[in-house]
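The values are calculated or read from the model by the stated rules, or taken from the named source; none is laboratory data. Keep in mind the model is a prediction, meaning the values are calculated, not measured. Methodologically, a virtual Cβ is constructed for each residue, glycine included, from the backbone with ideal geometry; neighbour enumeration extends over all protein chains shown.
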Protein chains: 2
Amino acid sequence: MSAGEGSQTEQRLLDAAVGLFASQGFTATSVRQVCDRAEANIAAVNYHFGSKMGLYNAAIDHARTRAVDQNRFVQLDSNRDFWSDEPPQTRLRMFVSMLLDHSLDASGRPSDLARIFIHEMLDPTEAFDRQVDVSISRVFDALCDICRLVAADAGQGNMPVASIARIAFLISAQCMYPALTAGVVRVLHPAIEFDVSGREAIADAISSSAVAALTRGSDEAPDC
Amino acid sequence: MSAGEGSQTEQRLLDAAVGLFASQGFTATSVRQVCDRAEANIAAVNYHFGSKMGLYNAAIDHARTRAVDQNRFVQLDSNRDFWSDEPPQTRLRMFVSMLLDHSLDASGRPSDLARIFIHEMLDPTEAFDRQVDVSISRVFDALCDICRLVAADAGQGNMPVASIARIAFLISAQCMYPALTAGVVRVLHPAIEFDVSGREAIADAISSSAVAALTRGSDEAPDC
DNA sequence: TTGACATTCAAACGATTGATTGAAATGATC
DNA sequence: GATCATTTCAATCAATCGTTTGAATGTCAA
């Protein structure tokens, strides 16, 4: 066997599994499908990963590792330190960009990891609780923190927690929705682009409208 | 047999199928699951609907019919006439409310029809093309039309098509995202509510920020 | 070359899949 | 009550599911 990490078939199985689980979900994906795409024997799954669920968990970790390597994933700890000097609005803008990079891969297509998450939210498996902890929950809390800072920075420090949470929720909605619809939008309305430049325009629109909502009073219109 | 529409077991099968297809998707749902929940014999599916795919299509139509009966579904033709006298901003606000009502049912839970759509976007079946035509495409075009009217009404008639489309896309993102995440949000962050009153606050936030984006220039900040 | 270990392979396991069968049950009409 | 079409039912079909087995193959040290 190889000295490094995992055999070649193990890597091929993981790559194939990530793609199939992303589009079809856990139950609708068969181990034979994965093995066919990976050009591996059927018994390889249970040999390397113990079971189909073992492969599923390993595939999720594999997708997350790939995303981190490509700097596409929200790394809370390092970023929190890295950003702490920036003004709140800048941090919000960068956080939005990171969320967008999490839902779309480098070529503007829906990312595998985000699509697996969507399947889990529709029909959770036993792997979901771990995902919520390490990703969804902490990311959303961090987004709420930044939104609170933006509001406080604009003299809206007494904005209700529910309003902050609602705005943060709508921000994440705009950032994660492309992971679900980019494929359809690409065909249906090509004017909307998800490449790097198009993504910047989207990030600008999201963060600027969020700043406007956090800056003005709870329900007041911005009377100038 | 009965005079009206469909037998009793046919209705029970449809109700059970809608719920199961909504959470698990087409492939991951078995006809035995549906029949167990509907308390019907296994052969009932093929007798009443010809095949599993026939049941799937009938279930989608059933869900749409139920949604229309509850006034939760976007009825473009009738609404277009009904609204034609309202000012653009009012029409946008009402359209946002309709989209929200489409993604959430009366009790604030993700709607079955929207969840089926999400499955179709992740992993399309042969039923998807029809769905795109009758729902997604026409709804999005109508939303773009309203956005264009709002922009023109504010003297931004020359706003690029891509900008209009991007804003409309972000509006639909904020309206449809609850269909995917309401279940998780309910547990993770109860401060965000999806009942009728909470939905009004969300609709206000979405439409007001959209109006702001459509009213101000392409990338200009609203210098007062 | 030998032995020990890691990996791959064809074959098969019982269970479940969507679909089909023919008989039994049901209900309406005469 | 007899006749007919409609609906339900248990049983079963071939195919596929996740998993397991034991033999064959590859790899490296002794």
Selection count where residues are more than 11 Å from chain B (Cβ to nearest Cβ) and within 25 Å of B:Ser103 (Cα to Cα), scope the range A:144-157
0
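Does A:Ala162 count as facing another protein chain (nearest Cβ under 10 Å), under 22 Å from B:Pro178 (Cβ atoms) and buried (at least 21 other Cβ atoms within 10 Å of the Cβ)? Spell out the reasoning first.
Values: facing another protein chain (nearest Cβ under 10 Å): yes; under 22 Å from B:Pro178 (Cβ atoms): yes; buried (at least 21 other Cβ atoms within 10 Å of the Cβ): no.
It is false that A:Ala162 is facing another protein chain (nearest Cβ under 10 Å), under 22 Å from B:Pro178 (Cβ atoms) and buried (at least 21 other Cβ atoms within 10 Å of the Cβ).
This table checks each residue for (1) aromatic (Phe, Trp, Tyr); (2) under 17 Å from B:Ala63 (Cβ atoms); (3) in contact with a strand residue (DSSP E or B) (Cβ under 7 Å, 6 or more places away or on another chain); (4) touching a residue at least 60 places away in the same chain (Cβ under 8 Å).
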{"site": "B:Glu86", "(1), (2), (3), (4)": "no, no, no, no"}
{"site": "B:Gln89", "(1), (2), (3), (4)": "no, no, no, yes"}
{"site": "B:Arg93", "(1), (2), (3), (4)": "no, no, no, yes"}
{"site": "B:Ile116", "(1), (2), (3), (4)": "no, yes, no, yes"}
{"site": "B:Glu120", "(1), (2), (3), (4)": "no, yes, no, no"}
{"site": "B:Val139", "(1), (2), (3), (4)": "no, yes, no, yes"}
{"site": "B:Ala151", "(1), (2), (3), (4)": "no, no, no, yes"}
{"site": "B:Met159", "(1), (2), (3), (4)": "no, no, no, no"}
In the range A:108-125, which residues are under 15 Å from the mean Cα position of the chain (by Cα) and either of a type in the set (A, V, I, L, M, F, W, C) or farther than 29 Å from B:Ser23 by Cβ (or both)?
A:Gly108, A:Leu113, A:Ala114, A:Ile116, A:Phe117, A:Ile118, A:Met121
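Within the group B:Phe140, B:Phe82, B:Phe73, which residue is surrounded by fewer than 19 Cβ atoms within 10 Å (Cβ to Cβ) and either farther than 25 Å from B:Ala17 by Cβ or at pLDDT below 95 (or both)? Steps first, please.
Values: B:Phe140 fails: surrounded by fewer than 19 Cβ atoms within 10 Å (Cβ to Cβ); B:Phe73 fails: surrounded by fewer than 19 Cβ atoms within 10 Å (Cβ to Cβ).
It is B:Phe82.
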If we scan the range A:22-41, do we find a residue that is more than 10 Å from DNA strand D (Cβ to nearest atom), of a type in the set (A, V, I, L, M, F, W, C) and within 21 Å of A:Pro124 (Cβ to Cβ)?
yes
Exactly one of these conditions fails for B:Leu99: (1) farther than 24 Å from B:Thr181 by Cα; (2) modelled with pLDDT under 95; (3) within 14 Å of another protein chain (Cβ to nearest Cβ). Give me its number.
(1)
Does the range A:46-71 hold any residues that are more than 14 Å from every other protein chain (Cβ to nearest Cβ) and either within 16 Å of DNA strand C (Cβ to nearest atom) or on the phi > 0 side of the Ramachandran plot (or both), and which are they?
A:Asn46, A:Tyr47, A:His48, A:Phe49, A:Gly50, A:Ser51, A:Met53, A:Gly54, A:Leu55, A:Ala58, A:Asn71
Can you go through B:Ala154, B:Ala210, B:Ala203 and tell me which one is buried (at least 19 other Cβ atoms within 10 Å of the Cβ) and more than 29 Å from A:His119 (Cβ to Cβ)?
B:Ala210
Which number in (1) under 17 Å from the mean Cα position of the chain (by Cα); (2) farther than 20 Å from B:Phe117 by Cα; (3) hydroxyl-bearing (Ser, Thr, Tyr) marks the one condition that A:Ser163 misses?
(1)
Residue under evaluation B:Leu14, criteria (1) among the hydrophobic types (A, V, I, L, M, F, W, C); (2) within 14 Å of DNA strand C (Cβ to nearest atom); (3) more than 14 Å from chain A (Cβ to nearest Cβ), criterion not met:
(2)
Scan the range B:46-65 residue by residue and report those that are more than 10 Å from DNA strand D (Cβ to nearest atom) and free of Cβ contacts under 8 Å to residues at least 40 places away in the same chain.
B:Phe49, B:Gly50, B:Ser51, B:Lys52, B:Gly54, B:Asp61, B:Thr65
Out of curiosity, is B:Arg186 in a helix (DSSP H, G or I), touching a helix residue (DSSP H, G or I) at 6+ places or on another chain (Cβ under 9 Å) and more than 9 Å from every other protein chain (Cβ to nearest Cβ)?
no
Say whether the condition of being more than 17 Å from A:Ser23 (Cα to Cα), within 13 Å of the chain's Cα centre (by Cα) and away from chain B (no Cβ under 11 Å) is met by at least one residue in the range A:126-136.
yes
